[in-house]
1. What translational diffusion coefficient, to the nearest whole µm²/s, does the chain have by Stokes-Einstein, given a Kirkwood radius computed over alpha-carbon pairs, a temperature of 37 °C and 0.692 mPa s viscosity?
2. Contact order normalised by length for the chain, with contacts defined as Cα pairs under 8 Å and 6 or more residues apart; what percent is it?
3. Can you give the angle from 0 to 90° between the axis of helix 337-346 and the longest principal axis of the chain, with both taken from C-alpha atoms, to the nearest 10?
4. Rounded to the nearest Å, what's the spacing between the alpha carbon centres of region 295-355 and region 400-425? Just the number, please.
5. At 0.36 nm per residue, minus the direct Cα-Cα distance, what do residue 252 and residue 86 gain on full extension? Give it in nm, one decimal, please.
6. For region 4-95, what's the radius of gyration and Dmax over Cα atoms, in angstrom?
7. Sort all Cα-Cα distances of region 399-526 into consecutive 10 angstrom bins from zero, then give the percent of pairs in each bin up to the one containing the longest distance.
8. Direction-averaged shadow area of the convex hull around the Cα atoms of region 293-420, nm²?
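Computed from the coordinates by the stated procedures, all read-outs in this text should not be read as laboratory data. Note that the structure is predicted; figures quoted are calculated from it, not measured. For neighbour counting, all protein chains shown are included, and Cβ atoms are generated from backbone atoms with ideal geometry for every residue, glycine included.
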């Protein structure tokens, strides 16, 4: 008989096969465990408590990460624990991919209103015994278009919509194609989405006046299958159903978001006549169900880079019957449409002189416009600043330490929502490293001062560690920061700074010539720019040259929703960009090694 797992407290029971891991079954059952390393046993975030049943014995990874006492008390890593029979487990709150702080705000950049879909309010003569023309013929005549097209999906709704509304209807049109028939006076809505590796941002827009009616943020449910794009590509490649799993969960999340946004303003998703989705190249491919194997192997070639218009119902998006989903063009395998949208939405194209743009996320995409040329690259930076691979790291949720100040040996902390501290999120991690370096607790190589002069520094299982907040100070929950944690930040910081320096070299300019630095993304919104300057993550420029623009990719997606001219501009930008593959640059290793140093290099 097939064994089952009972997941508590979520109240779900799932069939399983002997030899599967708990994580694999949870993913198949739609239970979003935190598996930021993609199930490789590295992050230690998928902790569960085995309440009853038989599982494989604990391995060395679990004993090191959890400690013998916890392992002996039946705490396990879901990705490392194989099922040997019926099982009952408890999932602690911190192991679930729960709601986190997300970023939807961006710059308010106006554009001339020219959406792909327009509305016509028309009155049709109802049929009678002497006028028995079809509903479609009646509609075509009223539209007075040369060659109007009514898709099958719209035809299927036409008779009911006409009769329910006494033949007084609003017709949504894309060129000469009928997108939907709605009650007279109904405005067409648009749905813009920034499909981030970690977070989603969605916007509901009135296409008749350009007003943003509602917005929302959510976590990308694909996180349950891996923190970064390479982990998700690996999941897609290693499991026959892996790609479809990833596609299904993201489409379901976008449908839920569209429904929630419409509910806020008492509208229906069937009023959404057009959508624009932007994401990096891997997210783009996973959303459309395109193969991603070639993205994970050199030379990292996309299946498609051009702008696309896809019927929404072909990819399972529940919008108006004839709605399209427009996807902006990708630039390269690791620089996607989200970066094109960021360039549009940040305002950097309107700035004269030498301009740097950094969209900081799970990957950081960097653009440099100098001397009439536009260079771009991608760096693997984000997982550490999302809390991955940091012992007490976490995403930006309640209780995350988001600001740190060290003065006269005293450490001052601020948490999100002023809740008791439960971990360190990206902005807090950046502050902590900058403050410790400034106070002389960390040298330029990232080594902690373990001379015994600081009572907060002690030996730990991962080398010397700094006590950020002790158990006595924090209701029994201790939070530490170790040498290995510092190394993770050095790697992320080093990757970002190497990208900037290589683009400067390509353009033949010095960092002091940069006139403006546009910083985008959720982490980019909340970080302290001075901390980034202090550790050498950003060029040493006056703070006044830095502009934090929020979710500029989301702004760019909205601009593309409201203006077909902006869509053309996006294509022009993508064609003009000179993509730089960092790892093929011969001076990359030397620059990266230098950029690992803390402080200005």
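1. Numbers: Rh = 25.8 Å.
So the translational diffusion coefficient is about 127 µm²/s.
2. Details: 1368 pairs, mean separation 82.2, N = 601.
Relative contact order here is 14 percent.
3. The angle comes out at about 90 degrees.
4. So the separation of the two Cα centres works out to 37 Å.
5. Values: separation 166, 0.36 × 166 = 59.76 nm, distance 2.96 nm.
Taking residue 252 through residue 86 to full extension adds about 56.8 nm, to one decimal.
6. Gyration radius and largest Cα-Cα distance of region 4-95: 11.6, 31 Å.
7. 11, 38, 31, 15, 5, 0
8. Details: hull surface 54.8 nm².
The Cα convex hull of region 293-420, projected and averaged over all directions, gives 13.7 nm².
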